[in-house]
Each structure stands twice: as C-alpha cells, then as structure tokens.
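Scroll down for the structure; my scribbles are underneath it.
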Amino acid sequence: MSQSMYVPLDLPLDFEAFYLGHQEAFHAYAEVHFGGRTAAEEVIHQVFLEIHAGWAELLSAGNLEQGAWAIVRRAVHDRLELEGRAPAFVINGPIAQALAATRDRLKRMESSTGLYEAIGELPNRQFEVIVLRFILGYPTTKVAWYVGIDERTVGHHLRRAKERLRVKLGLPDDRRKKGEQP
C-alpha cells in the first residue's frame, strides 16, 4: 500500500492568514447549500486553489473579501447546477418550510386590497425575496445569502415582484418617465 506524499506549498503568509480566517465560513456556506460536508469540502478545496492561483490579482483588485466570496458563490452555484438541484436549505430547510407556510397563510388571509393573496401568487423567486426582505425584514445581503444569488439579482426580483403586485392590484404606475420634472 503506497502512501501519498505530502509536499507543502510555499504559500504567501497573507494567503495562509486569509485561508485560516475564511475557510470555516466558506465551508459553512457550502455545507448549507449542499446539505453535507463532503461536497462542501471538495468545492471549497477547489475554491482555495482558484483563490491561490489568482492571489496577486485579487489583492490588487482592491476588495479581496468581495472577490473571494464571488468565487465561493460561483463555485457552489456551478456545482449545484451541474448536479441539477437547488440548495439543500431551500429544498428542506427551515427557511423553505417557513416560506411554504407563509405562502399558504397569505393565500388564505383576507385583505381589502387583495395584497396578501397577490403576494401568495407570486412566482417562487419573487415570493422568496418579497417575504424575506419586506415581511421578515432581512437586509438584502442576508436575502442574497439565503437564496444563493447576488444582491443585484435580489434587487431585480424585488422590482419584478413589486411591478407584478402593482399590476395585479390595479395600482397606478408612479415611476417617473425619463425627462419628466418632479
């Protein structure tokens, strides 16, 4: 039986410090998405190899933290897409259960405007971001983390959901037209 030989890399000290300071959070993020430690460890190992390979560029880009998290989110998303599945916490976690229960309750609630029913009828992603952001009051960064999308994409879904609700409820379009003075 042969043993694999461990060859230590000559890693920059700042990279080692970054690894030690971030590996736990990166693993936790991936584990929540995959529902298990094995896939999380595989993906985060690849993430750190990618971060190491682009270390100089990440440092010179000005926001190391943001760049590294972008790599983590992309790698997790790519693996989930490759496996053809949604994040584990969305499928069977407490957030998914709370959102499903909230949708059911909203569809049954009565309001003079029909708002609750209209929210309950939103497409899944729009429903998730509306409930997490405006009913549960989570900041956009937390909504993005829970749903596994970029903050700008959360904003996109929020705008689409608000527009859908505006149309469904027959509310006027009060968005300013280009060139119109207030």
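Summary of computed values
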read-out: Counted residues, segment 105-161 - those being over 24 Å from Leu80 (Cβ atoms) and outside any loop (DSSP other than H, G, I, E, B); value: 13
read-out: Checking Arg74 against (1) part of a helix (DSSP H, G or I); (2) among the basic types (Lys, Arg); (3) over 30 Å from Phe15 (Cβ atoms), the condition it does not meet; value: (3)
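Listed here are the residues, each with its yes/no results for (1) closer than 29 Å to Phe26 by Cβ; (2) aromatic (Phe, Trp, Tyr); (3) surrounded by fewer than 16 Cβ atoms within 10 Å (Cβ to Cβ).
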residue: Ser112; (1), (2), (3): no, no, yes
residue: Ala118; (1), (2), (3): no, no, no
residue: Asn124; (1), (2), (3): yes, no, yes
residue: Leu132; (1), (2), (3): yes, no, no
residue: Leu136; (1), (2), (3): yes, no, yes
residue: Pro139; (1), (2), (3): yes, no, yes
residue: Val147; (1), (2), (3): yes, no, no
residue: Asp150; (1), (2), (3): yes, no, yes
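Quick grid of which residues meet (1) touching a strand residue (DSSP E or B) at 6+ places or on another chain (Cβ under 9 Å); (2) at pLDDT 85 or above; (3) of a type in the set (D, E, K, R):
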| site | (1), (2), (3) |
| --- | --- |
| Arg108 | no, no, yes |
| Thr113 | no, no, no |
| Pro123 | no, yes, no |
| Trp145 | no, no, no |
| Glu151 | no, yes, yes |
| Gln181 | no, no, no |
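The values are calculated or read from the model by the stated rules, or taken from the named source; none is laboratory data. What you are looking at is a predicted structure, and each value in this text was computed from that prediction instead of being measured. Using ideal geometry, Cβ is built from the backbone for each residue, glycine included, and neighbour counts are taken over all protein chains shown.
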